[in-house]
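Have a look at the structure below, then the notes.
Rule-based calculations on the coordinates, nothing more; no lab input. Predicted model only: the values in this text are computed from it and were never measured. Here the Cβ is made from the backbone with ideal geometry for all residues, glycine too, and neighbour counts use every protein chain on show.
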Ligand code: RUB
């Protein structure tokens with residue numbers, strides 16, 4: 001396969017969510033860029049998922065750093081995050097998650113391998129069901145996992161209809177900004193409800209998702225919601241949502257387990273953008 005064909009395939013997989021999650025998108029975009037390193041390639045990649053500052057940050061870094069050096073950060077950061085999450089999870093915990101975040105999934109699988117005993121509640125995550133991917137990965141690793149419809153998230157969080165009370169919410173992030181976090185649609189309401197019921201919400205994320213720039217919120221194709229819908233029915237398909245920092249107990253990144261404000265202080269010293 002030519003480099004052009006390989007590049008086009010990566011772009012198409014990112015657009016179709018075959019490659020999804022901020023970290024995987026950024027890593028794949030980096031690999032695609034090095035197949036055809038040009039400004040045009042950068043533009044095409046950035047347009048493939050607009051709400052992804054980590055992709056923008058790593059593509060900008062290619063001016064100064066080699067592909068290998070940037071990729072090394074992904075592995076080192078993941079290892080540190082996994083160790084922080086291992087410390088955070090207690091035996092017997094019920095952990096709630098939403099969508100599919102590689103950072104969350106990897107950390108849970110790591111904790112399981114190191115002997116922590118816990119279970120996970122998660123959402124399907126309509127319209128594209130990324131929650132099934134999470135459930136599959138966790139189930140494969142031997143973690144007890146229960147999946148709920150998105151609308152049942154409050155029942156899953158609280159001790160209501162034959163469910164246990166959730167001890168911690170762990171979600172990923174697409175963007176870390178000064179006012180809070182942008183993540184999959186649903187993350188805002190889940191975090192708000194969790195906060196009001198004193199369930200701590202942890203954002204599991206590489207610090208390279210931080211940006212001081214404005215982040216556009218991606219609107220996805222309406223066919224994902226209802227293909228062949230009646231013509232007089234209007235459909236909106238927002239992919240992402242804002243989570244206010246007051247709902248967030250801590251950001252778990254390679255920089256440590258930090259309150260949102262402490263994370264901001266630390267990241268502004270290390271940030272390259
Ligand atoms: C995925 C999503 C994830 C973040 C973080 O949305 O919201 O929580 O991207 O993922 P989508 P990661 O499926 O639309 O990309 O931890 O893998 O970077």
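When the chain is fully extended, how far beyond the present Cα-Cα distance does residue 140 get from residue 198, taking 0.36 nm per residue of separation?
17.8 nm
Alpha carbons only, please: Rg and Dmax for the range 113-166, in angstrom.
Calculated on Cα positions, Rg and Dmax stand at 11.7, 34 Å.
Would you mind estimating how fast the range 24-86 diffuses translationally, via Stokes-Einstein at 25 °C and 0.890 mPa s with the Kirkwood radius over Cα pairs, in µm²/s?
For these conditions, the coefficient is 200 µm²/s.
Could you line up 73, 196 from fewest to most neighbouring Cβ atoms inside 10 Å?
The fewest-first ordering by Cβ neighbours comes to 196, 73.
Compute log10 of I(q)/I(0) for the range 172-273 with the Debye formula, placing one identical point scatterer on every Cα and leaving out solvent, at q = 0.25 Å⁻¹, to two decimals.
The Cα Debye sum returns log10 ratios of -1.30.
Could you work out which residue, out of 16, 184, 42, moves most in a Gaussian network model of the chain, that is, has the largest mean-square fluctuation with Cα springs under 10 Å?
Per the Cα network of the chain with a 10 Å cutoff, 16 tops the list.
Can you tell me the equivalent ellipsoid semi-axes for the chain? Use √(5λ) from the Cα gyration tensor, largest first, whole Å.
Equivalent ellipsoid semi-axes, largest first: 29, 23, 18 Å.
Who wins for biggest fluctuation among 161, 79, 20 in a Gaussian network model of the chain, springs between alpha carbons below 10 Å?
161
For the chain, modelled as a GNM with alpha-carbon contacts under 10 angstrom, which of 125, 211, 146 fluctuates the most?
Largest GNM mean-square fluctuation: 146.
Rank these for me by crowding, 210, 202, going from fewest to most other beta carbons within 10 Å.
Starting with the residue having the fewest Cβ neighbours, the order is 202, 210.
Enter the mean projected area of the convex hull around the alpha-carbon atoms of the range 52-207, in nm², rounded to one decimal.
9.7
At a temperature of 10 °C and a viscosity of 1.306 mPa s, determine how fast the range 1-116 diffuses translationally according to Stokes-Einstein, using the Kirkwood radius over alpha-carbon pairs as Rh; express D in µm²/s, rounded to the nearest whole number.
In µm²/s, the coefficient rounds to 102.
Looking at the chain, what % of its DSSP beta bridges pair antiparallel, to the nearest 5?
40
Under the rule of -39500 (n - 2.57) per DSSP H run of 4 or more residues, summed and divided by the residues of the chain, what mean residue ellipticity at 222 nm is obtained, to the nearest 500 deg cm²/dmol?
-13000 deg cm²/dmol
Based on the alpha carbons, how large is the Rg to Rh ratio for the range 126-221 when Rh follows Kirkwood?
Reported Rg/Rh, Kirkwood definition of Rh: 0.98.
Specify, per residue and in Å³, the volume enclosed by the convex hull of the alpha carbon atoms belonging to the range 187-229.
With only Cα atoms used, the range 187-229 gives 143 Å³ per residue.
Over all directions, what mean area does the Cα convex hull of the range 62-152 project, stated in square nanometres?
7.2
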